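Below you'll find the structure, written out as structure tokens, and then a few comments.
The values are calculated or read from the model by the stated rules, or taken from the named source; none is laboratory data. The structure presented is a predicted model; accordingly, all values stated were derived computationally and were not measured. Please note: Cβ atoms are built from the backbone with ideal geometry, for glycine as well, and neighbour counts cover all protein chains shown.
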Amino acid sequence: MKVQLDWLRQYVEWDMSKEDLCHLLTMGGLEVEADEPVDLGSGKTTEVVELNVTPNRGYCLSHLGVAREIAGFTGAAFRSPEPDSELEKAFTSSPAADALQVENEETGLCPRYAALVIDNVKVAPSPQWLQERLIAIGLRPINNIVDITNFVMMEYGQPLHAFDLNLLKNRRILIRRGGKQEAFVALDGTQLRLDPDALVIADGEKPIALAGIMGGANSQVTKETTTVALESAYFDPVTVRQASKKYGLRSDSSYRFERGVDIEAVITAQSRAALLIRELAGGEILNGRFDIYPNPVPRKQIALRVSRTNQVLGTAFEPDKIFDYLRGLGLEIVKEEQKGERVLVEVPAFRPTLQREIDLIEEIARLDGYDQVPVTSPRGALSPVIDSPTRALVQEARARLCHLGYAEAVNYSFIEKEYAANFMTAFAPEDAGTIDLDNPISADLGTMRTSLVPGLLKTAISNINKGNKSVRLFETGSIFHQPNGGQEAVQNTCIAVLAAGPHPTSVWKGANAAHDFFDIKGVLESLLDGFGVKAQTGPATRTFLDAGQSAAWTVEDREIAYCGKVEGKLTSGMGLDTPAFALEIHVGLLAEVLPGRKKFQPLPKFPETYRDISILVDKPVASGEISDLIREAGQPLLSRVELYDQFEGKKLPEGKKSLTYALAFQSPDKTLTDEEVNPVFQNIVKALDGRVGATLRDQ
């Protein structure tokens, strides 16, 4: 909110420097964001300050509101225009009811609507003083009628609108809801299709304004205008906010209506504007005002305790000082009880956010100055924060993935409905449903995500399009689905990892080698090994993964994770031309199968003995099955088994593949000799031959 200091001085005087005034406003809750002179042309400048007005102080979106605050801070007299009595004297003998009809069908959404008719106006440029007022606060002068409505809005904080009465069908104003797909063209040229959730101002056949937001191009004031209908109203803040967001229209008017205007100042601001129009445009104000206000809002009364005020603020204010602060803000003490210890305070209509005793206490703190609140060190017992198993697991996974060279991404929890359906089977039954949002922020973010992978794919596409060809990302977060049968929605915490594009430079990979299935599989196995989880590997049945390059990990018949290559049709459909490999872990299930607390194991006193074993086995046999078989047959001396090579090619018999494992043997009692290791190794070879038909490669 930009405020011109010369303009403010019309309503309040202060005896301090501009710097001290800015400090006073900031310490009173109106932070000064900028302070600079504005060039008005012809060598003239004026001082303007820009205030950061918080949403609960909509009354300060006006010069009168800021002036009232300064008066409260300094104790100076506050002067406000009183145009209502003067308007009564300015009415002509012609009744306004003969020139206009006004009807309000939506008194709940528009509790008060007022209209005046001003005839024989002459639209022309505004006088210099009015143009300079608007230029100083960043508004562009248009013509005297429009400029007056903008001037009064910035003076009172009450938006106004002037319609060309001769353009209104049947010379009628009707406050109603919009029709289904009803056409409307705003003043800025925006073409809209309205719905019944929109509140409109209409004439006898069409909308002429989107209530509280913007007028229509079909009723705007032009050079040919001779008669105007001057509107002033109170519109429901929530309705204005929802319509402004839905239809993408923002204005100074909507900004004020969203925060709540003074319902009692509706007619006062209108009177001020009508008198200025008569003065600057030669208008004649027809007799009578349309003021539809069927349910006047009573003023709220709040009880305030002096002892409670001092207790909250840590002060020792006398009652009279507290009462002076409240009166300085325009609040009225209507009743004193308990010898002034407890008072009943009546809240004016321009402060609708004052609802409770604590609100009044905050106002007292503001007027005394936030910098006057005594500084005390907080005291209290701090309870240690104990992470839940799920949170601790996620934190550890984050650290491990960062160490593996992956960057964390944070995406919205909502995605396109198509992607949510495609990735439904991540950790949900096939017959589960998606969860759609009633009021999405955009059309492509209308459904709660069923997997973290689509968001990572979108982020990968964005990175690749901006030149980051090698993408290694992970994300932690919740996924959602609706069980079949209408039960309560299910939310699960997951960890997802995605790799795409060329592999970073490494001694293990050739130049420009692309990520592959074994990269993402290695990440998953590294995570599970780090958590101490022993899982069985099997085929993954997810439709969004390539069946030939995917796998799932289970513990006690519960599938805790999967990884694989994302189906090419899905990635190309999203705009990703390079293969993408992903994994996803169900954190809740993983937390349930974590082993108990680890116990310290003494470091081995004797070295390991190493052997490699290279075998030929049928292609369908899983490498994990062979690893388990080797561990079983190699007990008690076998300490580690690692697969480090797999080969398939023409040099091998048809239907066979070659697997090479590194074996480590170790004894807690002595250094092993070949004579002690050989029998165990032969037992492994025999078990492989007998159980899966595997043979050594050199045979």
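Tell me which residues, restricted to region 18-50, are more than 36 Å from the chain's Cα centre (by Cα) and buried (at least 17 other Cβ atoms within 10 Å of the Cβ).
Answer for region 18-50, where residues must be more than 36 Å from the chain's Cα centre (by Cα) and buried (at least 17 other Cβ atoms within 10 Å of the Cβ): just T46.
With a cut-off of at least 3 residues that are among the polar types (S, T, N, Q), name the strands (runs of 3 or more DSSP E) lying wholly within region 486-598.
Qualifying strands (runs of 3 or more DSSP E): 490-500, 545-555.
Check off (1) out of contact with any helix residue (DSSP H, G or I) (no Cβ under 9 Å at 6 or more places or on another chain); (2) in a loop (DSSP other than H, G, I, E, B); (3) within 24 Å of F518 (Cβ to Cβ) for D612 and give me the number that stays unchecked.
(2) is the only condition that D612 fails.
Scan A547, A582, A514 and give me the residue that is in the same structural domain as E430 (by TED's automatic domain parsing), free of Cβ contacts under 8 Å to residues at least 60 places away in the same chain and surrounded by 13 or more Cβ atoms within 10 Å (Cβ to Cβ).
From the options A547, A582, A514, the qualifying one is A547.
Could you give every pair whose Cβ atoms fall below 7 Å, whose first residue belongs to region 468-496 and is over 22 Å from K417 (Cβ atoms) and not assigned by TED's automatic domain parsing to the domain that holds L576, and whose second residue is surrounded by fewer than 14 Cβ atoms within 10 Å (Cβ to Cβ) and of a type in the set (A, V, I, L, M, F, W, C), counting only separations of at least 6 or pairs across chains?
Qualifying pairs under 7 Å: none.
Name every residue in region 552-568 that is over 33 Å from the mean Cα position of the chain (by Cα) and hydrophobic (A, V, I, L, M, F, W, C), in order of residue number.
A552, W553, V555
Let me spell it out: the conditions are (1) of a type in the set (F, W, Y); (2) farther than 30 Å from G178 by Cα; (3) in contact with a helix residue (DSSP H, G or I) (Cβ under 8 Å, 6 or more places away or on another chain), and Y59 meets all of them except one. Which number is the exception?
With (1) of a type in the set (F, W, Y); (2) farther than 30 Å from G178 by Cα; (3) in contact with a helix residue (DSSP H, G or I) (Cβ under 8 Å, 6 or more places away or on another chain) applied to Y59, the lone miss is (2).
Among the numbered conditions (1) surrounded by 22 or more Cβ atoms within 10 Å (Cβ to Cβ); (2) in the same structural domain as E31 (by TED's automatic domain parsing); (3) touching a residue at least 60 places away in the same chain (Cβ under 8 Å); (4) not polar (S, T, N, Q), tell me where A67 comes up short.
(3)
For region 26-52, what are the residues that are among the β-branched types (V, I, T) and within 23 Å of R140 (Cβ to Cβ)?
Answer for region 26-52, where residues must be among the β-branched types (V, I, T) and within 23 Å of R140 (Cβ to Cβ): V38, T45, T46, V48, V49.
For region 550-579, which positions are among the polar types (S, T, N, Q) and free of Cβ contacts under 8 Å to residues at least 40 places away in the same chain? Quick ask: steps written out before the conclusion?
So in region 550-579, the residues among the polar types (S, T, N, Q) come out as 550, 554, 571-572, 578.
Of everything in region 550-579, those that are among the polar types (S, T, N, Q) and free of Cβ contacts under 8 Å to residues at least 40 places away in the same chain turn out to be S550, T554, S572.
How many of the residues in region 43-88 are in a helix (DSSP H, G or I) and among the small types (G, A, S)?
The initial filter retains those residues of region 43-88 that are in a helix (DSSP H, G or I), namely 55-60, 63-74, 83-88.
Keeping just the survivors that are among the small types (G, A, S) gives 58, 65, 67, 71-72, 85.
Summing the residues that are in a helix (DSSP H, G or I) and among the small types (G, A, S) in region 43-88 gives 6.
Are there any strands (runs of 3 or more DSSP E) wholly within region 275-382 with 2 or more residues that are at pLDDT 90 or above and hydrophobic (A, V, I, L, M, F, W, C), and if so which?
Fully inside region 275-382 and qualifying: 290-292, 301-305, 342-346.
From the list S244, S271, which one is surrounded by 24 or more Cβ atoms within 10 Å (Cβ to Cβ) and either without any contact (Cβ under 8 Å) to a residue 40 or more places away in the chain or of a type in the set (S, T, Y) (or both)?
Going through S244, S271 in turn, the sole match is S271.
To keep it simple, each residue is scored yes or no on (1) exposed (fewer than 12 other Cβ atoms within 10 Å of the Cβ); (2) of a type in the set (S, T, N, Q); (3) more than 30 Å from D262 (Cα to Cα).
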position: V345; (1), (2), (3): no, no, no
position: R351; (1), (2), (3): no, no, no
position: L360; (1), (2), (3): no, no, no
position: I364; (1), (2), (3): no, no, no
position: L367; (1), (2), (3): no, no, no
position: V373; (1), (2), (3): no, no, yes
position: A381; (1), (2), (3): yes, no, yes
position: D387; (1), (2), (3): yes, no, yes
position: A392; (1), (2), (3): no, no, yes
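Has region 241-255 got any residue that is part of a loop (DSSP other than H, G, I, E, B), closer than 15 Å to F350 by Cβ and either among the charged types (D, E, K, R) or outside the structural domain of Q355 (by TED's automatic domain parsing) (or both)?
The answer is no; no qualifying residue exists.
Before we move on, is T225 outside the structural domain of L61 (by TED's automatic domain parsing), crowded, with 19+ Cβ neighbours inside 10 Å and not in a helix (DSSP H, G or I)?
Answer is yes for this residue.
Report, by residue number, each residue of region 676-686 that is within 14 Å of S614 (Cα to Cα) and surrounded by 14 or more Cβ atoms within 10 Å (Cβ to Cβ).
Passing the criteria: F681, I684, V685.
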